[in-house]
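A quick write-up on the structure given underneath.
The values are calculated or read from the model by the stated rules, or taken from the named source; none is laboratory data. None of these values were measured; they are calculated from a predicted model. Cβ placement follows ideal geometry from the backbone for every residue including glycine, while neighbour counts extend to all protein chains displayed. Side chains included, ligands, DNA and RNA excluded: accessible areas come from the protein's heavy atoms. Shrake-Rupley method; radii C 1.70, N 1.55, O 1.52, S 1.80 Å.
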Amino acid sequence: MCEVTATSRHYVDRLFHPDPQKVLQGVMTEVLGSELRTEGVVVLGSELRTECVVLLGSELRTEGAVVLRTECVVVLGSLAMGTENNIKSLVDCHIIPALLQGLVCPDLIFIEACLRCLRTVFISPVTPVQLLYTDPTVIPHLMSLLSRSPRTQDYITQIFSHCCKTPEHQTVLFNHGAIQNIAPMLISLSYKVRMQALKCFSVLAYENTQVSMTLVNVLVDGDLLSQVFVRMLQRDLPIEMQLTAAKCLTYMCRAGAIRTDDRCIVLKTLPCLVRMCSKERLLEERVEGAETLAYLMEPDVELQRIASVTDHLVAMLADYFKYPSSVSAITDIKRLDHDLKHAHELRQAAFKLYASLGSNDEDIRKKITETENMMDRIVSGLSESSIKVRLAAVRCLHSLSRSVQQLRTSFHDHAVWKPLMKLLQNAPDEVLVMASSTLCNLLLEFSPSKEPILESGVVELLCSLTQSDSPALRVNGIWALMNMAFQADQKVKGEIVRALGTEQLFRLLSDPDTNVLMKTLGLLRNLLSTRPHIDQIMSSHGKQIMQAVTLILEGEHSIEVKEQTLCILANIADGNTAKELIMTNDDILQKIKYYMGHSNAKLQLAATFCISNLIWNEEGSCQERQDKLRELGFVDILHKLTQALDPNLCERCDTHTHVHAHYVIG
């Protein structure tokens, strides 16, 4: 190391020589071509980097000075291709502002060297991409340099692609004419330029409606941009180009710029992405193809059906779980290392695609669960070391849990609730959200898993979720409790009320998130069902419940929230003793009367439920209630409602019922 340091010391000393020619010779020395010298440069890196950056920012304007500065940039670029620590050190030396400043030089070779070095620095994951956007003059200047040469086009589009990480970045690039400036590059004679332009468009269009809607109307040499992308899907073109073009079309479709039934999606994009999932493709290509296909068809059942019968896709995906191959079958260590590296990514991609495929269609779900060892693979995936694989596996399980048939068969046979409960004990929020959504479905009344889950002590866990800072977790916690309470016996209902606590229950009834409020009202409806349960709960918590109902009916809430609240009143009105809490509360009666005359038929119907249940009595001792309601004008309103156009409303004017909260598979 002493020898290395001495040699490198001599090299660095030449950078500080007063003679510019000596400095140039020092910079141009092929020090970085030698492993020995590279080690030495690292030892004395701070001085080297600092001097190069100083030289780069110098104001020398002679031809020799430009050559010197260009060579400095080359040295900095070579250093940037080293370790991440090299990149961090270069960024700390303010290399990025110096290189950006260098772009104002008229010399093209110097500009290209600066852009090449900037590209190398920005593609590193340790470089803060925000540094590109600090000076508002940088992006427009980069746009103006795009037309200077194929190299400037290549480097600048790579910089844009790697530095476009947020919707705000997309907007900045869009507003400075990225689409108009980059579109002509798609027909460049240079493959590298065409490819980088394509990648840039895929980044700009991702989940961006504004960009996608603009792209769909852009003409390139007389052709619509979407037609240019479709031509790039041809099988004889490089796979990288096919995949990236398919991503562009996918993102435009998901943003609503292209219809899901458009020929370019159904006949071109989807088949191309299915091809990328085949055994013939590289593992990296299979991962990218599967994840893009999953994203394309996620919201569209027809695309899911088409994909499920294209090239035996469901069976093809089973091969994703067979990596790494057995060690005995692999003689090439590099191949084994490659397989190991991509095995997690393959399983994650397969689970994502299965989740997307099975999100709507019952026949597809059946086909997935019947694929070789599929349920065992999902169960194994729930306990994998990789968070991403666990998340994808639980997402797949959630998709399949929407099937009543699978809940009754495959889920029961493989006891999937056990690893799911284990996953819920200690997981990041994104995994918890998906796992708790799945649990909601396993707690539905017709699920055989409901009983063993109840016996496992799940109530405490779900109640803890309702106290989460995450609205999604609060929703899932209360949703699962709502499903659990549906047609449950008094013991289960009592356990829910005790574990949740009245304070937390009423806190949830004032939650700012409407979904949380709706599910809490649904839980109350299910708790307040069957007369003995209604009377028992109202005898102990009636005062608080009536206060909460009053506040909601008086508040600025949606029609759906007020309808749920009136349905709770209808259930209370069906109790034997609980109905007196309504009959003795003139304020509540006036509110029911108001909603019977409301312009919204759903609210009229829900309010009418309340009155029909108050009037009805199987023992016939209801005369006193009927007399009071007649005095308050309810009979006149009921007569008017019998003339209503809504047949449900007419029917309810003289019938009686109480209602459960709808259980919906999520």
message: Among the residues that make up segment 596-606, is at least one of them modelled with pLDDT under 75, part of a loop (DSSP other than H, G, I, E, B) and open to solvent by 90 Å² or more (accessible area, probe 1.4 Å)?
response: no
task: Would you confirm whether any residue within segment 189-200 is of a type in the set (D, E, K, R) and either over 22 Å from GLN227 (Cα atoms) or touching a residue at least 60 places away in the same chain (Cβ under 8 Å) (or both)?
output: no
message: Being without any contact (Cβ under 8 Å) to a residue 60 or more places away in the chain, open to solvent by 50 Å² or more (accessible area, probe 1.4 Å), more than 41 Å from the chain's Cα centre (by Cα) and within 22 Å of VAL492 (Cα to Cα) is true for just one of GLN623, GLN536, GLN590. Which residue is that?
response: GLN536
field: Single unsatisfied condition, ASP107 versus (1) touching a Ser or Thr at 6+ places or on another chain (Cβ under 8 Å); (2) at pLDDT 95 or above
entry: (2)
- prompt: Do you know which of the residues in segment 110-138 that are touching a helix residue (DSSP H, G or I) at 6+ places or on another chain (Cβ under 6 Å) and among the β-branched types (Val, Ile, Thr) is most open to solvent (accessible area, probe 1.4 Å)?
  reply: ILE123
- request: Scan segment 562-577 for residues that are more than 42 Å from the chain's Cα centre (by Cα) and buried (at least 23 other Cβ atoms within 10 Å of the Cβ) and jot them down.
  value: ALA573, ASP574, GLY575
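Yes/no matrix, rows are residues, columns are (1) open to solvent by less than 10 Å² (accessible area, probe 1.4 Å); (2) at pLDDT 95 or above; (3) out of contact with any strand residue (DSSP E or B) (no Cβ under 7 Å at 6 or more places or on another chain):
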| position | (1), (2), (3) |
| --- | --- |
| ASP261 | no, yes, yes |
| VAL266 | no, yes, yes |
| CYS272 | yes, yes, yes |
| LEU283 | no, no, yes |
| VAL287 | no, yes, yes |
| LEU303 | yes, yes, yes |
| LYS322 | no, no, yes |
| ILE330 | no, no, yes |
| ILE333 | no, no, yes |
message: For the list (1) open to solvent by 50 Å² or more (accessible area, probe 1.4 Å); (2) under 18 Å from MET195 (Cα atoms), I need the number of the one condition that LEU225 fails.
response: (1)
- prompt: Residues in segment 192-206 that are closer than 16 Å to PRO167 by Cα and either more than 17 Å from the chain's Cα centre (by Cα) or open to solvent by 10 Å² or more (accessible area, probe 1.4 Å) (or both): how many?
  reply: 6
- request: Considering only segment 404-430, state which residues are closer than 18 Å to ILE387 by Cα, in a helix (DSSP H, G or I) and open to solvent by less than 40 Å² (accessible area, probe 1.4 Å).
  value: PRO419, LEU420, MET421, LEU423, LEU424
- prompt: Of the residues that sit in segment 79-89 and are crowded, with 21+ Cβ neighbours inside 10 Å and modelled with pLDDT under 90, which one is farthest from the chain's Cα centre (by Cα)?
  reply: LEU79
message: Among the residues that make up segment 240-251, is at least one of them surrounded by 15 or more Cβ atoms within 10 Å (Cβ to Cβ), in a loop (DSSP other than H, G, I, E, B) and on the phi < 0 side of the Ramachandran plot?
response: no
field: helices (runs of 4 or more DSSP H) wholly inside segment 362-402 containing at least 1 residues that are open to solvent by 10 Å² or more (accessible area, probe 1.4 Å) and more than 25 Å from PHE446 (Cβ to Cβ)
entry: 374-381, 387-400
query: In segment 44-78, which residue that is acidic (Asp, Glu) and within 21 Å of VAL104 (Cα to Cα) is modelled with the highest pLDDT?
result: GLU71
message: Among (1) surrounded by 14 or more Cβ atoms within 10 Å (Cβ to Cβ); (2) of a type outside the set (Asp, Glu); (3) under 25 Å from VAL193 (Cα atoms), there is one condition LEU68 misses while meeting the rest; what is its number?
response: (3)
